[in-house]
Amino acid sequence: MAPPEKPDLKVLLFDAYGTLFDVDSLIAGCDQVFPGRGLEVCRLWRAKQLEYTQLLNMMGRFEDFWQVTSKALVFSCRSLNLECPPEVRDRLLESYFQVDAFSDVAPALEVLSRHYPLAILSNGTPKMLKVAVEHNGLQGFLTQIISASEVNSYKPNLQLYRWACQKLGHGPDGVGVVSANAWDVTGARAFGFWTTWVNRRGAPWEDLGFTPDVTVSSLVDLLPVLGLSL
Ligand code: LAC
């Protein structure tokens with residue numbers, strides 16, 4: 001089979017949590033606070049965090065990602081019968097500032113940044129994103145960090161994708177969205193972006209009428225698709 005034609009992209013736009021940053025790197029911190037329950041807490045925390053952003057979108061409401069992440073943690077602990085006093089909540093929330101990038105991220109961004117402007121489009125707050133980017137030493141690779149807080153609406157609301165195009169100065173066909181979140185790839189594809197799904201764990205695709213243009217198992221695997229190598 002012939003390889004897919006190289007897309008004519010002007011800029012690459014990365015999702016943050018789950019794509020650049022490994023939210024599972026927070027499990028260890030959760031496990032210190034709740035011995036033996038870290039994985040469970042962390043997974044429910046993440047699921048609720050995403051669910052709350054989508055509920056707020058549907059209601060036309062907005063609370064920033066820090067608040068949403070805090071409320072998701074408090075609920076998760078309550079539903080697992082774990083005590084989460086404010087000092088524990090704040091300590092775990094602040095671990096979002098130290099979230100680790102996946103190991104393939106820095107080497108891939110290093111190469112990609114020599115050929116494309118790279119930006120982040122994330123539901124995270126500007127502060128959460130800036131601190132996590134700097135914690136992982138990625139700031140030199142990125143030209144912009146675009147946050148849902150700028151339009152008070154979360155992905156996959158098309159309003160936020162539209163805002164990203166405005167900030168990047170390119171229409172959707174010149175923008176390559178790279179995300180490990182299938183719901184985000186679906187939204188981005190529905191908007192008209194060229195999309196890459198980063199499927200590091202071999203998950204099944206969630207079919208809501210759109211498919212990614214390319215699926216890769218790490219960011220490094222995106223390089224040959226764009227005619228590049230390490
Ligand atoms: C992001 C999360 C929600 O937008 O994956 O970075």
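Each value in this text was obtained by applying a stated rule to the coordinates, not by laboratory testing. Here the structure is a predicted model, which means the values were calculated and not measured. Here the Cβ is made from the backbone with ideal geometry for all residues, glycine too, and neighbour counts use every protein chain on show.
One table, with the values for the structure above:
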| item | result |
| --- | --- |
| Per-residue HN-Hα couplings for the stretch 106-120 [Karplus 6.51, -1.76, 1.60; θ = phi - 60°; Hz; x = Gly/Pro] | 4, x, 6, 5, 4, 6, 4, 5, 7, 10, 9, x, 10, 9, 10 |
| For the chain, diffusion coefficient by Stokes-Einstein and Kirkwood Rh (Cα), 20 °C, 1.002 mPa s, µm²/s | 119 |
| Positive dipole terminus of the stretch 119-230, leading residue within MET128, PRO212, LEU160 (C-beta point charges) | MET128 |
| Check: the stretch 140-210 dipole with +1 on Lys, Arg Cβ and -1 on Asp, Glu Cβ, in debye | 120 |
| Per residue Cα convex hull volume in Å³ - calculated over the stretch 51-99 | 83 |
| Net charge of Cβ neighbours under 12 Å - reference CYS165; Lys, Arg +1; Asp, Glu -1 | +2 |
| Size of electric dipole in the chain: Cβ of Lys, Arg +1 and of Asp, Glu -1, about Cα centre, debye, nearest 20 | 360 |
| Projected area, mean over directions - the stretch 63-179, Cα convex hull, nm² | 8.3 |
| Nonlocal amide H pairs with PHE14, under 5 Å, H built at 1.01 Å | ALA119, ILE120, LEU121, VAL178 |
| Of ASP15, ASP90, ASP24, the one that fluctuates the most in a GNM where the chain has Cα springs shorter than 10 Å | ASP90 |
| Charge dipole (the chain, unit charges on Cβ, about Cα centre) - positive-most of PHE191, LEU13, LEU222 | PHE191 |
| Cα-based convex hull, the stretch 43-130, per residue volume (Å³, whole number) | 121 |
| Distance from the stretch 20-66 to the stretch 93-109 (C-alpha centre basis), Å | 16 |
| Proximal aspartates and glutamates relative to LYS6, as straight alpha-carbon distance under 12 Å, when same-chain residues fewer than 8 apart are discounted | ASP213 |
| Karplus 3J(HN,Hα) series, Hz, for the stretch 41-58 with 6.51 cos²θ - 1.76 cosθ + 1.60 (x for Gly, Pro) | 4, 5, 5, 5, 4, 5, 4, 5, 4, 5, 4, 5, 4, 6, 5, 4, 4, 5 |
